[in-house]
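Trainee: Have a look at this one before I ask anything.
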Amino acid sequence: MSAYDFEIPSADGTNPNILADSIGKVTLLFNVAAGCGNYPQMVALKVLDEHYADEDNFQIKAIVVDDFTCHGFGEFNEGLEAYAEKEHVDESFRGLNAGQIAEKYAREQYEVEFEFSECINGRFDKHQYDPEWQPGTQYEQEMHPFWQYLLQVDLLPRDENNLPYHYEVSPWAKEEQVVDLTQEGFHGLQGNFEKFLITPDGKSFKRYANGFLLGERDTSGAMFPWWLSPEEQEGPEFLTYPNPLQLRGIQESLATLCADIDALLVGDDKIYDPEEFDGDYVPPTESARDAIRKYGDEFTKGLGVQETA
């Protein structure tokens, strides 16, 4: 069994299996919807896609899900198809399915070219910011078998609610939630843009947090050790995205990701360790700098990614 064994159609249905051409290649998969606060990562992913444009054995695939409340983007909280029917939305979104809406949004906002899937379930429940919500306690839908395999859910026992145990807590909970690590469980998708680097034979090589590539967090989702608190970020250069700290983080993140991809392309199973980085590896920082700064010139801190300054 491998990740490439699952048939997932393209957003418009013209390609019955977007993973069919992934067999024998290194693939970066990520889950996505539209309009969430992680969307500026599309700039870095576009840079990455262009960096490997001449590498036939690498590709990026966007797997569309619609399972997360969009923090700061309330127009998406009822789902992608509901968003398309709102009065203020461009009429060209009318009548599209969820996968097509996510794809159209990304292409128009960021001009990315990689392939998008139809919408599939990435969770058993819908992620919420409600302080009363507890992950993994309510069965609302069946997670797609692709995600069950990739997240190692498929062999876990289910409880009376038809749910496997979740190693997940809500940071917005009114009362502190605790994970019982003595139970068999799994780490579910925490938000849009979790990324998985897949080997040529379809095995998961490395998982990257949903906030990774925004420029503030490392592969695990922890803040970079050199990151400054909001109070310490003083001066006009910190009023736009990306600020100098974020730009440094994006460049370091691209270097990490490129090194991991290159290791698989040459058949080296060594995972990149930033502590051992000697500075000889040259990531696509020039193109990243240009693309990300162009993005930053058009958008100001505190506004949505689709709202120009």
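The values are calculated or read from the model by the stated rules, or taken from the named source; none is laboratory data. Worth saying up front: this structure is predicted, and the values here are computed from it rather than measured. Here the Cβ is made from the backbone with ideal geometry for all residues, glycine too, and neighbour counts use every protein chain on show. Ligands, DNA and RNA are excluded from the accessible area calculation, which covers all protein heavy atoms including side chains. Shrake-Rupley method; radii C 1.70, N 1.55, O 1.52, S 1.80 Å.
Trainee: Which pairs have Cβ atoms under 7 Å, sit 6 or more apart or on different chains, and link a residue in region 85-106 that is among the aromatic types (Phe, Trp, Tyr) to one that is assigned to a helix (DSSP H, G or I)?
Mentor: PHE93/ALA84; PHE93/ILE101; PHE93/LYS104
Trainee: Give the number of residues within region 95-112 that are in contact with a strand residue (DSSP E or B) (Cβ under 9 Å, 6 or more places away or on another chain), in a loop (DSSP other than H, G, I, E, B) and not hydrophobic (A, V, I, L, M, F, W, C).
Mentor: Here the count works out to 1.
Trainee: If you take the residues in region 172-191 that are under 26 Å from SER253 (Cβ atoms) and open to solvent by 10 Å² or more (accessible area, probe 1.4 Å), which one is farthest from the chain's Cα centre (by Cα)?
Mentor: The residue in question is TRP172.
Trainee: On the basis of being under 19 Å from the mean Cα position of the chain (by Cα), under 19 Å from PHE212 (Cβ atoms), of a type in the set (A, V, I, L, M) and modelled with pLDDT under 95, does ALA34 make the cut?
Mentor: For ALA34, the condition - under 19 Å from the mean Cα position of the chain (by Cα), under 19 Å from PHE212 (Cβ atoms), of a type in the set (A, V, I, L, M) and modelled with pLDDT under 95 - is not met.
Trainee: Filter region 124-150 down to the residues that are under 17 Å from PHE76 (Cα atoms) and part of a loop (DSSP other than H, G, I, E, B), then identify the one that is farthest from the chain's Cα centre (by Cα).
Mentor: Our first condition is that a residue be under 17 Å from PHE76 (Cα atoms); within region 124-150, this holds for 125-130.
Among the residues that remain, those that are also part of a loop (DSSP other than H, G, I, E, B) are: 125-126, 128-130.
Working: ASP125: 18, LYS126: 16, GLN128: 17, TYR129: 18, ASP130: 22 Å.
The residue in question is ASP130.
Trainee: Would you mind telling me which numbered condition in (1) at pLDDT below 95; (2) under 23 Å from PHE73 (Cα atoms) LYS195 fails?
Mentor: The single condition LYS195 does not satisfy is (1).
Trainee: Can you confirm whether region 168-184 contains a residue that is of a type outside the set (Val, Ile, Thr) and outside any loop (DSSP other than H, G, I, E, B)?
Mentor: Checked region 168-184: no residue is of a type outside the set (Val, Ile, Thr) and outside any loop (DSSP other than H, G, I, E, B).
Trainee: Just to be sure, is ASP21 acidic (Asp, Glu) and in contact (Cβ under 8 Å) with a residue 60 or more places away in the chain?
Mentor: no
Trainee: Those residues that are open to solvent by 70 Å² or more (accessible area, probe 1.4 Å) and either without any contact (Cβ under 8 Å) to a residue 40 or more places away in the chain or not polar (S, T, N, Q) (or both), I need them from region 107-117; list them, please.
Mentor: Those that are open to solvent by 70 Å² or more (accessible area, probe 1.4 Å) and either without any contact (Cβ under 8 Å) to a residue 40 or more places away in the chain or not polar (S, T, N, Q) (or both): ARG107, GLU108, GLU111, GLU113.
Trainee: Just to be sure I understand, how many residues within region 47-94 are open to solvent by 70 Å² or more (accessible area, probe 1.4 Å) and either part of a helix (DSSP H, G or I) or among the basic types (Lys, Arg) (or both)?
Mentor: Number of matching residues: 5.
Trainee: Another one. Do we have LEU239 as farther than 30 Å from PHE124 by Cβ, surrounded by fewer than 18 Cβ atoms within 10 Å (Cβ to Cβ) and in contact with a Lys or Arg (Cβ under 7 Å, 6 or more places away or on another chain) here?
Mentor: Numbers: farther than 30 Å from PHE124 by Cβ: yes; surrounded by fewer than 18 Cβ atoms within 10 Å (Cβ to Cβ): yes; in contact with a Lys or Arg (Cβ under 7 Å, 6 or more places away or on another chain): yes.
When the stated conditions are applied, LEU239 passes them.
Trainee: Which residues, counting only those in region 242-258, are open to solvent by 20 Å² or more (accessible area, probe 1.4 Å) and either under 30 Å from LYS25 (Cα atoms) or free of Cβ contacts under 8 Å to residues at least 24 places away in the same chain (or both)?
Mentor: PRO244, ARG248, GLN251, GLU252
Trainee: Does LEU163 qualify as being free of Cβ contacts under 8 Å to residues at least 40 places away in the same chain and open to solvent by less than 30 Å² (accessible area, probe 1.4 Å)?
Mentor: The answer is yes for LEU163.
Trainee: State which residue is farthest from the chain's Cα centre (by Cα) when the search covers only region 192-223 and only residues that are more than 21 Å from VAL153 (Cβ to Cβ) and open to solvent by less than 20 Å² (accessible area, probe 1.4 Å). Can you show your working first?
Mentor: Our first condition is that a residue be more than 21 Å from VAL153 (Cβ to Cβ); within region 192-223, this holds for 200, 211-219, 222-223.
The next check asks that each one be open to solvent by less than 20 Å² (accessible area, probe 1.4 Å); those that pass are 211-213, 215.
Values: GLY211: 7, PHE212: 8, LEU213: 9, GLY215: 14 Å.
For region 192-223, the residue satisfying everything is GLY215.
Trainee: Would you check if VAL26 is open to solvent by less than 40 Å² (accessible area, probe 1.4 Å) and out of contact with any strand residue (DSSP E or B) (no Cβ under 9 Å at 6 or more places or on another chain)?
Mentor: No, not satisfied.
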